There are 2 protein chains.
Amino acid sequence: ADIEAGKSKAAEVCASCHGVDGNSPAPNFPKIGGQYRTYIAKALKDYKSGTRNDPIMAGMTANLTPADIENLAFYYSSQAGGLNSNK
Amino acid sequence: ADIEAGKSKAAEVCASCHGVDGNSPAPNFPKIGGQYRTYIAKALKDYKSGTRNDPIMAGMTANLTPADIENLAFYYSSQAGGLNSNK
């Protein structure tokens, strides 16, 4: 997987809700920075296939290629997690 | 919500997969320590109702009361997130 490609794709598709570093600024969007790479990839695949159903994420994942998914999972899993907000 | 009740319920139901502090030891289980409280509660409600479908989590949430869910969300959201493993 290509972390730089993941960073670019993240900025393009994901960052407006989940943040550039995955520490989503709003509590309705989960934090994903530092989440397990395998889990991020699974979530994206499940949203894309419809196994996991969310209208926003269905749209966001519709045009992701398998390589995009691996790159995004690599990128966000490598970001520092600030997952302690208690909001 | 009662954080001590959440801690007890977490130890009883959640910790074997997600860890006592939510930093799951295995990459097939997502880290939940420090995740947004509202998001944890939503995930648990969605698993319980079947809106979100996972056979393990369906079983784990089947007997959670609404108060249990709020207490668990309070507890895990307050744990320090170590969400940066890149596994």
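Quick note: the coordinates plus some simple rules give every number you see, no bench work behind them. Not measured: the values here are computed from a predicted model. FYI the Cβ positions are ideal-geometry reconstructions off the backbone, even for glycines, and counts take in every protein chain you see.
The table below gives the values:
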read-out	value
Total lysine pairs under 24 Å (Cα atoms) in chain A, excluding pairs fewer than 8 apart on one chain	12
Most mobile of B:G33, B:G59, B:G19 in a GNM of chain B (Cα contacts under 10 Å)	B:G59
Calculated [θ] (222 nm, deg cm²/dmol) that DSSP helices of n ≥ 4 give over chain B, each run adding -39,500 (n - 2.57)	-13500 deg cm²/dmol
Exposure proxy ranking, count of Cβ atoms within 10 Å, fewest first, for B:C14, A:C17	A:C17, B:C14
Exam field: B:A26 pseudo-label spacings to other copies (7 Å along Cα-Cβ), nanometres	3.5
Distances in nm from A:E12 to the matching label points in the other copies, shortest first (labels 7 Å along Cα to Cβ)	4.9
Shape of region B:3-77, Cα gyration tensor, a/c cut at 1.5	rounded
Largest-first principal axis extents, alpha carbons of the protein assembly as shown, Å	44, 29, 27
